[in-house]
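Contents: one structure, followed by commentary.
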Amino acid sequence: MEMVKRPLPAGFQKVSGDDNTEEYFINMGPQHPATHGVLRLVLRLDGETVRECVPHLGYIHRGIEKQAESETYLQYVHLTDRMDYLTSHMNNHSVCMAIEKAVGIGVPDRAEYIRVMVLELNRISSHLMMFGCFGGDLGAQTALLYGFKEREVITDIFDELCGARLTMNYFRPGGVANDIPDTFIARVKKVIVDVERTLEEFDRLITGNVIIQERSRGIGILTREDAIAYGCTGCVLRASGVPYDLRKDDPYSIYDRLDFDVPTKQNGDSFDRYVIHIDEIRQSIRILQQCIEQIPEGPYRSKEKPSYRLPAGSYYAATETAKGIFGTYVVAEKGDKPWRIHSRSPNFANLSPIGKMVKGHMIADVVTVITTLDILIPDIDR
Amino acid sequence: MAAPVILDTYFKRTVLGALGLLKGMSVTLGYFFRPSRILTEQYPENRKTLKLHPAFRGEVIMPHDENGDHKCTGCTLCEKACPNATISVLNTKNIAGKKVLGKYIYRIDQCTLCGLCIEACPFDAIHMGNGFEHARTQRDGFDLILNKKEGRG
Ligand code: SF4
Ligand code: SF4
């Protein structure tokens, strides 16, 4: 049958030399289950091969930064939960650090230990979710459920600790909202044992699986230069061979007292980006074990205040979340409300090289790349 | 010469793939014999036995004692602490001309359950309750009045 040829839209040139094929566009998302939220990718395809991929954003823009201008600093903390909700403790931490820096509040030792333990638990839970999604998106539904199952135990700890499972609002300038319950340490110990066992299972179930390896090795390679140029951070950067981790390179809180490694991989492909998450869980467990031994007695918060007034000026604090560097930039004028707050979200920068990464791969590989970039759309749009 | 090599790798990959699958299956099979690691909550069947952590933030409540009194003085600190105007404290005057709490309005559809109001209250008059089934089929009915009677007990 004769193929009906349609002219390409203005400005587009046919790339492939084959006259029997036709290039076409397809919208992946915004309601596609594999794009992890409302991300819309416009794909230019030749057959099943991706020629171009352009992400379109803004489907879940809530104006959090603008909203922040009409809320006090204390009230703003709970809004950051809703950016990257898988790492909400870490976002809270970044805001609190900026306020502490500006007002000059110290944080008691016990509070720092509680913070770090909670942060590392949060990191593990986020990485477990990434593991689950990675398996699920590549067709291993069992992995999806296993990832969530282990994460549930950690979520339950948070539930007991601060009363919420996702939007914690637990950090306060100068410490944390309430002391840890008596059962906390025992439960963390149990989680460590559980997660270590689960990681072995994961290795048997997914990491060693030939199908998974074939689908992820060499897919979506991000070179070291590109990773730096696009401002990628976190696991995405480290999988491309740059050992940069704020916890080591610009230590905040008590990370300089703790002994842990920064796992780095060299290939920058999807498989490396996956494996690095598993390695990081192991390092987080090491941190947790040290914290359990060292946690001192004492107050969990320095003197409480109903509102914080920052001296005029601008302040920046950054934390290494499970996804990358989350920074909070506060411009303060007089009063208890910020003049402007900007958040540097890791997911936005991590998503930006996707056009380069999926070029020349199949549609199914786009899914692999998205899931190993470990992006979360509400954090991109804010 | 090329054909056997391709066949060889193809064969190898197939066998390895099948082995990997079986290895993975052994993990899943293990769960059949270890039901102790099952975490699933059979909600809503287990509604009666469902236990939440006491700290769970489900809704703002104002506990009343056996006489039907509450501790709220109508100081409006919680109203000021709330990020999204969920709480309105409407005060009135009692017979002695003293300012007392009239109505404590709590709009649950607006609440983000952040818990800042609880922290702000100096009299421990409001708490976070465990109730979480707030779904309704109609829009009205979300404005709750938390105090049972006017004034402070
Ligand atoms: S929990 Fe937060 S949003 Fe809800 S009423 Fe209290 S302060 Fe307002
Ligand atoms: S609940 Fe507490 S903070 Fe709110 S008005 Fe009553 S006494 Fe004041």
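The values are calculated or read from the model by the stated rules, or taken from the named source; none is laboratory data. Since we're looking at a predicted model, the values are computed, not measured. Cβ: placed from backbone, ideal geometry, glycine included. Neighbour counts: every protein chain shown. Note: areas computed on protein heavy atoms with side chains; ligands, DNA, RNA excluded. Shrake-Rupley method; radii C 1.70, N 1.55, O 1.52, S 1.80 Å.
Ellipticity at 222 nm from helices only: DSSP H runs of n ≥ 4 in chain A, each -39500 (n - 2.57), divided by the residue count, give -14000 deg cm²/dmol. Shown are B:9, B:137, whose ranking by accessible area with a 1.4 Å probe and every protein chain present, most to least, is B:137, B:9. When the solvent-accessible area of the protein assembly as shown is split by element, carbon and sulfur atoms take up 56 percent of it, the probe being 1.4 Å. Interface of B with A. Using a 1.4 Å probe and counting protein heavy atoms only, the two chains hide about 2500 Å² of accessible surface, both sides summed. The residues of segment B:19-153 expose on average 64 square angstrom of accessible surface per residue, using a 1.4 Å probe on protein heavy atoms.
Taking 0.36 nm per residue of sequence separation and removing the Cα-Cα distance, the residue B:98/residue B:135 pair yields an extension gain of 9.5 nm. In order along segment B:21-30, the phi-based Karplus estimate (6.51 cos²θ - 1.76 cosθ + 1.60, θ = phi - 60°) of 3J(HN,Hα) comes to 4, 4, 4, x, 4, 4, 5, 5, 5, x Hz; Gly and Pro are listed as x. When segment A:64-381 is described by a simple charge dipole with +1 on each Lys and Arg Cβ and -1 on each Asp and Glu Cβ, the residue from A:328, A:213, A:232 located farthest towards its positive end is A:328.
Considering the options A:298, A:184, A:373, tell which one lies farthest towards the positive end of the dipole of chain A, charges being +1 on Lys and Arg and -1 on Asp and Glu at the Cβ, about the Cα centre. Farthest towards the positive pole: A:298. Accessible area per residue for segment A:64-381, computed on protein heavy atoms with a 1.4 Å probe, is 33 Å². Among complete DSSP H helices in chain A, those whose alpha-carbon atoms stretch at least 27 Å along the helix's long axis and whose mean Kyte-Doolittle hydropathy reaches -1.0 are A:109-137, A:141-162, A:270-294.
Protection proxy ranking, highest mean first, for peptides A:304-310, A:76-82, B:91-97: A:76-82, A:304-310, B:91-97, where packing is the per-residue count of other beta-carbon atoms within 10 Å, averaged.
Checking Cβ-Cβ separations below 4.7 Å across chain B identifies B:72, B:75, B:82, B:111, B:114, B:121 as cysteines lacking any candidate disulfide partner. The Cα atoms of segment A:64-381 cover 56, 41, 29 Å along the three principal axes, with the biggest extent listed first. Spatially close Lys pairs in chain B, defined by Cα atoms under 24 Å apart and a spacing of eight or more places or different chains, total 23. Note on segment A:64-381: lysine pairs with Cα distance below 23 Å, sequence gap of 8 or more or different chains, count 21. Our estimate of slack between residue A:305 and residue A:54, defined as 0.36 nm per intervening residue step minus the Cα-Cα distance, is 85.7 nm.
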